[in-house]
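Below: the structure, in structure tokens.
The values are calculated or read from the model by the stated rules, or taken from the named source; none is laboratory data. Values in this document were obtained by computation on a predicted structure and should not be read as measured data. Quick reminder, even Gly has a Cβ in these numbers, built from the backbone with ideal geometry, and neighbours come from all protein chains shown. For the accessible areas, the whole protein counts, side chains as well, though only heavy atoms, and no ligand, DNA or RNA atoms are used. Shrake-Rupley method; radii C 1.70, N 1.55, O 1.52, S 1.80 Å.
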Amino acid sequence: MSEEDPSSSGAGRRPGDVLAPARCSFLRVDPRGYPIIAVIPQSPGKEDYGTLSEARKLVLATYDLCAVCALPFRDELRWQVGFDDQLQRMETTSGVFEEEVADLETTPRFSEAPVHEVCALYAAQVCPYVSSPHARLGDEVRKGRRRPKTLILAGFDRTAGVYGHASEMQSGAGILMFEMAGLRRTHRLTSEREANEAYTAALRDEVPIVLDDAERRLVEILSTPTPEDEDSGTLMAGGAWIVGAAFCPQVRQVDALARRFAKSDDSPWMKMAATFAARPEDMADMTTFTDTSIAAATTWFATRETVPALLQQWRADGRRQVRMVGAPAPRGSGGTAQGIPDETAIRRRQEGEKARRRDTEKARRKQARRRKR
Ligand SMILES: [Zn+2]
């Protein structure tokens, strides 16, 4: 098929023609058969493949879930999608591919929440609007413009940070950004054949993800409309807010979330989040709340041995902030009088990470030199 024929694009096969990964079994499908992936606004009948739901992004970040299938990452890489130039620079700055690394300063940031490898490759097969790069691809294909030559999928070790960011496109809107770290692998897909082959291989190697009861409950609520037949994303953001997302750096930049959860420091949502950060044991009765999102969130929290790294970080920041605004400081903590603005915390963390990366790189080079001798 010719390059101009939209159906020759990997991102546009009929969903019915493509076998879905087993982990996508919680997803509803729209009347055309397209899977309704976890990150899009999904009021029944109004699923919007061209948009990302900030409420859903916050939920995915909190519980460390994949933006396509809504299941946890476990120890799998976290993948982001981009085109030619977008990830090119990253490949040469990450230190993974090049021995001579000039610039380790760049930490790749994305407006999208990461996904599993098999889910990224599946989305590239069936969802023209799965994410903004795909949406662009879809639009260009429909308008008959030339398709970008290379689709790059990049797999990272971890999500290093998530924070609110004032939108450059729309004043006052604000979006969540995802900072990725530890680039391990990439797929460069230059043709439909390559996309198919990569997906077939990932599907063959797919490892089943087994959920415990609390995880299953989260995934089910997130993938199902509310009893009022609405998108459950905002509802789920409430539970996420309480277990720690309230302390996601600069989350108030995201208008839709700020309006609902953070009108003031003493809004009920902020109070519950503060108490849950400082003394989760005092909130044990929340596991039976009538608000299904809060009940599911706090049950999940209470049954974890450890919570995802990002949430740990948010909760630690939350505890510090709670101490600062006058709650009795635990003995020996010597709490400071002044709040630390979010930007300072981010900068401090980024500087720490930069220093660590520099040290790792130095050590690696030293070792490489030693080997050469
Ligand atoms: Zn997935």
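Structure above, values below:
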item: Å² per residue, accessible surface of region 191-311 at 1.4 Å; result: 49
item: DSSP-assigned coil residues among trypsin sites (Lys or Arg not before Pro) in region 197-246, each with at most 15 further Cβ atoms within 10 Å; result: none
item: Directionally averaged projected area (convex hull, Cα atoms, region 165-263), nm²; result: 10.4
item: Within the accessible area of region 186-282 (1.4 Å probe), percent carbon and sulfur; result: 49
item: Sorted peptide list for 48-57, 64-73, criterion being average Cβ within 10 angstrom, highest first; result: 64-73, 48-57
